[in-house]
Amino acid sequence: MDLALLRTFVTVHRAGSFTRAAALLGLSQPAVTSQIRTLERQLGRPLFLRQARGVTPTTIGDELAHKAAPHLDALVEIAETGLDEEFSLRTLHLAGPPEFTAERALPSLTELTRRDGQAIALRASFGNADEVLEGLAAGHHDLAIATARPRGSLLTATPLCDEEHVLVATPRWASRISTAKIRRKGAHALDRVPLVEVHESLPFVTRYWASVFDSRPAASGTVIVPDLRAVLACTASGAGIAVLPRYLCVSALERGRLVPLLEPAVPPLRTYFLSVRTGTLAMPHIARAHEHLLRAAVGWS
């Protein structure tokens, strides 16, 4: 059986689409379709059911993928290990949310760029969860950090870390509002307070309000800036209150520029996932970066 046909088959099985598999393989969609039909003729059994959007594997297709994929991944690992011996510098393409990637992931991964022998060159791009996962699926990235777990078998996700969210303000604003008033009146104590957020939909505030107050914010955003680091700067300058990841504002909290308005018994958390295309951890430079980030995340809080 032709290994090229099996490679195409496994890629389609993981991608769930001839179009997406073609992009990953660097082939045209008709070429992928032709290869799958050739393999189906050789086996005498259908491997996929064609749907309006993509394909789903038959039971025969699932069985073949289960048997073939580990061996194909092992062959990729052998080939990539050989490449590493000849070319010591491999490029890793990482994608993730701008603030978390810049503050957490990149400083950690730069350790790999300084290693002798098997150093890694690094390229990064930023985007929201949908953007980075779509880019990963299309083969634009090697690793993606996102706050959503991808669906399907094309991508494999591992929980990376949890991010605690904190309701913060300057000491001046805190003295006007008071934690006691918030505990007594709940979210209503904040109805007239200006909000600083990353988007008009108030994603951080809305999530916090739902988790802590079991309600929705009554006010609209006063200052909207599309970067949490800018939200931090505006909040510290006295523009209003904000919900921020603790890791991002911990320095401002320690220096007293900001104070937490509330410390709930169970603080709101958001989970980050580290995703790869299934099978690509056979590539040593991706596997090294993946393992390095998981180890580093143990110390993140």
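Out of segment 152-220, which GluC sites (Glu not before Pro) are coil in DSSP terms and have no more than 14 other C-beta atoms within 10 Å?
Glu200
Starting from the Cα of Leu253, move 7 Å in the Cα-to-Cβ direction to define the label point; list residues of segment 211-239 whose amide nitrogen is under 15 Å from there.
232, 236
Let me understand segment 163-270 better: what is its radius of gyration from the alpha carbons, and its Dmax, in angstrom?
Considering segment 163-270 through its Cα atoms, Rg and Dmax are 12.2, 32 Å.
Of all beta bridges DSSP finds with both residues in the chain, what is the antiparallel percent, to the nearest 5? Present the calculation step by step, with values, prior to reporting the outcome.
Details: 21 of 34 bridges.
Given both bridge residues lie in the chain, the antiparallel proportion sits at roughly 60 percent.
Report for segment 163-270 the percent antiparallel among DSSP-assigned beta bridges with both residues inside it, nearest 5. Don't jump to the answer; show the numbers that get you there.
Details: 8 of 12 bridges.
Antiparallel bridges: around 65 percent, rounded to the nearest 5.
Which trypsin sites (Lys or Arg not before Pro) in segment 154-233 sit in a loop by DSSP (not H, G, I, E or B) and have at most 16 other Cβ atoms within 10 Å of their own Cβ? Spell out each step's value before the answer.
Working: sites: Arg172, Arg176, Lys181, Arg183, Arg184, Lys185, Arg192, Arg207, Arg229; in loops: Arg192.
Taking segment 154-233 and a limit of 16 other Cβ atoms within 10 Å, the loop trypsin sites (Lys or Arg not before Pro) found are Arg192.
Amide H of Ala169 versus every other amide H placed in the peptide plane: which residues, excluding those fewer than 5 positions away on the same chain, fall under 5 Å?
Hits under the 5 Å cutoff: Val259, Leu261.
Using a/c under 1.5 as the rounded threshold, could you call the chain rounded, prolate or oblate? The axes a ≥ b ≥ c are square roots of the C-alpha gyration tensor eigenvalues, and prolate needs a/b larger than b/c, oblate otherwise.
prolate
What does the helix-only formula give at 222 nm for the chain: each DSSP H stretch with n ≥ 4 adding -39500 (n - 2.57), the total divided by the residues, and the result rounded to the nearest 500 deg cm²/dmol?
Computed ellipticity for the chain at 222 nm equals -13500 deg cm²/dmol.
Every number here is computed from the coordinates shown, using simple stated rules; none is lab data. No experiment lies behind these values; they were computed from the predicted model shown. Neighbour counts run over all protein chains shown; Cβ positions are idealised from the backbone, glycine included.
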